Structures are given as structure tokens and as C-alpha cells.
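Read through the structure below, which is laid out as C-alpha cells, and then see the notes.
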Amino acid sequence: MSLAFDVLLALALLWSAWRSLATPDLTRAVVMFIVFGLLMALAWARLDAPDIALAEAAIGAGLTGALLLDALGAFGERRGRDGP
Amino acid sequence: MNAPARLAVVGFALALAGVLAAAVLDLPAAAVDLRAAVAKKLSASGVEHPVTAVLLNFRGYDTLLEVAVLLLALLGMLAVAKPEAAAPAPPAADPMLRTLSSVAVPLMILAAGYLLWAGAHRPGGAFQAGAVLAAAAVLLHLAGRLPAWASPSRVLRLGLAGGFLVFLSVAAILLAQGALLRYPPEHAGTLILLIEAGLTLSLGLILAGLFLVLARRPAPPRAGGGEEGKS
């Protein structure tokens, strides 16, 4: 049971990492990055490292994701103002 | 990039991954079992959780420098931020987000306090608690209740540097007694809690600052938000 979960988790990690790098849509890439961070936190929890899991969920997925989304919003705004 | 070049890059990456995996599998076992060493000294560290003991006692100077790096990063951002771009009025947030923020933020502050306290004997600690505080500040900003930072006031500057200064002064006092950050065992728990409390506040402010300084931008023209409100 737990082996199946671990295999699924590893596959989902690779998939979300690939999607976040390969997708041409920046918003989707950022969302996939956040998904990757949350899955990574799960992986750390499975590896018996709850301290790192907490830090990854809060900083890696939460704050970095918010920063990336904010940067995306700022760029989109500038693009919308300067040109069509 | 054309197909043969892409194939070559993929092939090279796969080969590199294979070599790295082989190298990791080939590594000899660690000569020193650090877990046993930490477990042996844990009773003298002042805390019961091995990760906190390593972070703030056995390798305290690493954490000291880490905090200094974070503070420097924020100072760098403040230095390059344009001073004339005054803090814009927070955008009108939708009522759902405002309600959510007034429910969630007190709970987040409570959770940060719990994480700080829990760090002594279970997973938790200053970094996680600070991150939760920073997330609360970001949520408040997104809900339009906390303006972005134009130029940090004196109190805010003190708060940003405070955790590092507390840590540094404890280190300096202990240095006068012999060694950098070697706590006397009977006071270790109190000193670690004092440092962690300062660090929680400062790290929360620093991490929030990384967001709130960047969030400063010229007031956007009323384009997207207004139309949504009308329809």
C-alpha cells in the first residue's frame, strides 16, 4: 500500500516538474511549480523529515509561489499597458 | 532547437543522470554516525528535538550566518528599490478574501506561536514559524489590508534586524565566556527559546518584506478590476 503511494508520489513529482518546465503558458507553469512544491513536502514527510516538509510547504510552495504569481501579475500588467 | 541537437542534449542528460546515480550508489557509508553523536549530546543541548538541537546549538553559527544572508538579501532589495515609487493604496479586494483573511490571520499567528514553542521538542521552530507569519502578511496584503512597504520605518527596521541582533549579542556574550555559541547547559533551553522568538519575528518580517517590497509598483490603470465589477 505504502509502496504504491510512494511510486505514485514519485511519478507525480516527475510529471509536475516536467509540466512546470515544459508548458508554454507561464501561469500554468507557476501553478505546476506550486503543485510540485506541495508534492515535494509530502515526499519529505514520507522520508521521515517533517521539519523539511514544513519548511518546503511554507517557503517552497507558499511564499515562492506567491512571489512568482505576483511577478507574473506585474509583468502582465506592464505588457497590457505598453502595447496591445 | 532542431531534433538531432535535442536528442543529443537528452542523451547527455540521461548519461549524466546515470553516472550520478552510479556514483551515489558507490559512496561508502559515512565514517561518522552523526545521529548517534547527536543523540548522545541531546540531553545537554537544552531542547529535546534533535533538529532544533543541531540548528541552534551544535551548529548554531551556521544558522546565525543563514539569518545574516536573508537579512542581506532584503537589504539588497531595499537598496535597489526605487524610493520615489510611493506605496500605492491597496487595491479593493473582494469581500470573500477580506472575510477569509480576518478568519485565517489570527489562526496563522496562533499557529506560528505554536510552531515556535513546539520547536523545542517536536518538528517546528523559528524558520517555519517565521514563514507562517510571512504568509499571514502576504494574505493581508492580497486582501488589501496591508499596504506594500514604501520605505521601512525605524520600528520596522529594528524588527527586521532584531532577531539577528539578539542572536549576535547572545553569541558575543558567550564568546566573552570562552567559545562562540557554546551555551551553558543549564541556560541553554532559555537562550534557544529567546533566540528563536527573536528569529521568528524577524524572519517573518524579512520573508514578508521579500514580497511586500517587490509588490510596490506604480498604481495600475483601472483596466481589469473595474470591468469585472460592472458585469
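The values are calculated or read from the model by the stated rules, or taken from the named source; none is laboratory data. Owing to the predicted nature of the structure, the values given are computational and were not obtained by experimental measurement. Every residue, glycine as well, gets a Cβ built from its backbone with ideal geometry; the counts of neighbours run over all protein chains shown.
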Q. Do we find a residue being under 25 Å from B:Gly209 (Cβ atoms) and either modelled with pLDDT of 90 or more or of a type in the set (Phe, Trp, Tyr) (or both) anywhere in the range A:71-78?
A. yes
Q. Among the residues of the range B:42-50, is there at least one that is within 30 Å of B:Leu165 (Cα to Cα), touching a Lys or Arg at 6+ places or on another chain (Cβ under 9 Å) and small (Gly, Ala, Ser)?
A. no
Q.
Suppose the filter is modelled with pLDDT under 90, touching a Pro at 6+ places or on another chain (Cβ under 7 Å) and aliphatic (A, V, I, L, M); does B:Ala37 pass it?
A. no
Q. Taking the range B:49-87 as the region of interest, how many residues are in a helix (DSSP H, G or I) and under 30 Å from B:Glu186 (Cβ atoms)?
A. 18
Q) Looking at B:Gly178, B:Gly204, which is the one that is over 16 Å from B:Leu64 (Cβ atoms) and buried (at least 18 other Cβ atoms within 10 Å of the Cβ)? A) B:Gly204
Q.
It is to be established whether one or more residues within the range B:153-169 are farther than 19 Å from B:Ala188 by Cα, within 14 Å of chain A (Cβ to nearest Cβ), of a type in the set (A, V, I, L, M) and in a helix (DSSP H, G or I).
A. no
Q. Which residues, counting only those in the range A:1-37, are closer than 20 Å to B:Val10 by Cα and touching a Leu at 6+ places or on another chain (Cβ under 8 Å)?
A. A:Leu13, A:Ser16
Q.
Quick check on B:Ser153: is it at pLDDT 85 or above and polar (S, T, N, Q)?
A. no
Q) If you check every pair at least six apart or on different chains, which have Cβ atoms under 9 Å apart with a residue in the range B:1-25 that is under 17 Å from A:Trp18 (Cβ atoms) first and a residue that is modelled with pLDDT under 95 and surrounded by fewer than 10 Cβ atoms within 10 Å (Cβ to Cβ) second? A) B:Val9/B:Met1
(Q) So B:Gly46 ticks every box in (1) assigned to a helix (DSSP H, G or I); (2) surrounded by 15 or more Cβ atoms within 10 Å (Cβ to Cβ) but one. Which box is left unticked? (A) (1)
Q | Breaking point among (1) more than 13 Å from chain A (Cβ to nearest Cβ); (2) touching a residue at least 40 places away in the same chain (Cβ under 8 Å); (3) not small (Gly, Ala, Ser), for B:Leu107 | A | (2)
Q) How about the range B:143-165: which of its residues are free of Cβ contacts under 8 Å to residues at least 60 places away in the same chain and surrounded by fewer than 20 Cβ atoms within 10 Å (Cβ to Cβ)? A) B:Gly144, B:Arg145, B:Ser153, B:Arg154, B:Val155, B:Leu156, B:Arg157, B:Leu158, B:Gly159, B:Gly162, B:Leu165
Q: State all residues of the range A:11-47 that are surrounded by 16 or more Cβ atoms within 10 Å (Cβ to Cβ) and basic (Lys, Arg); if no residue qualifies, say none.
A: A:Arg19
Q. Considering only helices (runs of 4 or more DSSP H) fully contained in the range A:4-84, which possess at least 3 residues that are in contact with a Phe, Trp or Tyr (Cβ under 7 Å, 6 or more places away or on another chain) and within 13 Å of another protein chain (Cβ to nearest Cβ)?
A. A:50-55, A:64-82
Q: Filter the range B:1-42 down to residues that are small (Gly, Ala, Ser) and surrounded by 11 or more Cβ atoms within 10 Å (Cβ to Cβ) and give me whichever is farthest from B:Glu186 (Cα to Cα).
A: B:Ala8
Q) Just checking, how many residues over the range B:119-128 are part of a helix (DSSP H, G or I) and at the interface with another protein chain (Cβ under 10 Å from one of its Cβ atoms)? A) 2
